[in-house]
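Only one structure is covered here, and it is reproduced in the block below.
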Amino acid sequence: MQIKKFLLVICLNISGCLFAQYTSFVNYNVESGLQFQTIFTCLEDNDGYMWFSSSNGVARFDGQNWMYLTSDDGLSDNDILSMFLDSSGRIWFATFNGELSYYFNGRVFNSDDHLLFKLNKIENGIASIFEDSKHVKWLNPINSYFSSIDDY
């Protein structure tokens, strides 16, 4: 009888320890250093950085520090509706003004760098960008038609 009570006490102690685990939440907001109140989309790049888009540009977070990019840094617009990481490691920005730009190797590329971007402005803005298995980028404009660009 004593052994049964002893085993019951041991089992209860073990099960109590198992349920003692907890989940930690960290909230990031304007008070903690984030420069935006509204985030449209987020993604993780190949280096593990988290990217967040907003109507005030984009933010990159490395787990400790924030880096911010706006049109002053080369983005084609501050209204970044969505982002896309392509197979080459470029982060493309779908913008409200319909102009293309992307981030690669620490630099933003835009229509000043690519004639193709200058000639292919999407009038109603770009809702999203994605890439197919042949590495063709497909642009989903806010209006009713699709566009595609091949790697150049």
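The values are calculated or read from the model by the stated rules, or taken from the named source; none is laboratory data. All values derive from a computational prediction rather than experimental measurement. For neighbour counting, all protein chains shown are included, and Cβ atoms are generated from backbone atoms with ideal geometry for every residue, glycine included. Side chains are part of the model used for accessible areas, which takes the heavy atoms of the whole protein and leaves out ligands, DNA and RNA. Shrake-Rupley method; radii C 1.70, N 1.55, O 1.52, S 1.80 Å.
Tabulated results
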| item | result |
| --- | --- |
| Lone unmet requirement of (1) out of contact with any strand residue (DSSP E or B) (no Cβ under 9 Å at 6 or more places or on another chain); (2) modelled with pLDDT of 90 or more; (3) not acidic (D, E) for N27 | (2) |
| Unmet requirement for S148, which otherwise passes all of (1) assigned to a loop (DSSP other than H, G, I, E, B); (2) out of contact with any Asp or Glu (no Cβ under 7 Å at 6 or more places or on another chain); (3) among the small types (G, A, S) | (1) |
| Failed item, numbered, when R60 is tested on (1) under 15 Å from the mean Cα position of the chain (by Cα); (2) in a loop (DSSP other than H, G, I, E, B) | (2) |
| Qualifying residue in the stretch 35-46 (condition: in contact (Cβ under 8 Å) with a residue 12 or more places away in the chain, open to solvent by less than 60 Å² (accessible area, probe 1.4 Å) and within 18 Å of F109 (Cα to Cα)) | yes |
| Pairs, first more than 15 Å from S54 (Cα to Cα) and part of a loop (DSSP other than H, G, I, E, B) in the stretch 87-103, second open to solvent by less than 10 Å² (accessible area, probe 1.4 Å) and aromatic (F, W, Y), C-beta under 8 Å, six or more apart | E99/F117; L100/W92; L100/F93; L100/F117 |
| Test: residue in the stretch 65-73 that is open to solvent by 60 Å² or more (accessible area, probe 1.4 Å) and either without any contact (Cβ under 8 Å) to a residue 12 or more places away in the chain or in a loop (DSSP other than H, G, I, E, B) (or both) | yes |
| Boolean, D112 is open to solvent by 60 Å² or more (accessible area, probe 1.4 Å), farther than 15 Å from L139 by Cβ and touching a strand residue (DSSP E or B) at 6+ places or on another chain (Cβ under 8 Å) | no |
| Some residue of the stretch 90-97 being open to solvent by 60 Å² or more (accessible area, probe 1.4 Å), under 18 Å from the mean Cα position of the chain (by Cα) and of a type in the set (K, R) | no |
| I91 being β-branched (V, I, T) and more than 14 Å from R107 (Cα to Cα) | no |
